[in-house]
Amino acid sequence: MDVQVGDVIQTKKTHPCGANRFDVLRVGMDFKIRCQGCGREIMLPRAKIEKNIKKILRGGEPVPTGRG
């Protein structure tokens, strides 16, 4: 999955604050993301993030995720 630093990801599950959009701060074996609702930063393994991504936004436009 092509996720880059600066992208915004929309997840299937919401954060406890109620938001489901996150800014991508770091990409590698772990992802560092920041919740757009409350600003909390979270580090999660790549496998867990990729499984929960619903949509990727780059510059306000959706990016194809390669899922049917």
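Numbers below:
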item	result
Fraction in percent of alpha-carbon pairs per bin - 10 Å, the chain	22, 61, 17, 0
Trypsin sites (Lys or Arg not before Pro) within region 1-43, DSSP loop, no more than 14 other Cβ atoms inside 10 Å	K12, K13, R40
Sulfur and carbon atoms: percent of accessible area, the chain [1.4 Å]	49
Karplus-derived HN-Hα couplings along region 3-15 (A = 6.51, B = -1.76, C = 1.60, θ = phi - 60°), whole Hz, x at Gly and Pro	10, 10, 4, x, 6, 10, 10, 9, 9, 5, 9, 8, 6
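The values are calculated or read from the model by the stated rules, or taken from the named source; none is laboratory data. Bear in mind that the values here come from a model prediction, so they are computed numbers and not experimental data. Glycine also receives a Cβ, built like all others from the backbone with ideal geometry; neighbour counts cover every protein chain displayed. Quick note on the areas: whole protein, heavy atoms, side chains included, nothing else; ligands and nucleic acids left out. Shrake-Rupley method; radii C 1.70, N 1.55, O 1.52, S 1.80 Å.
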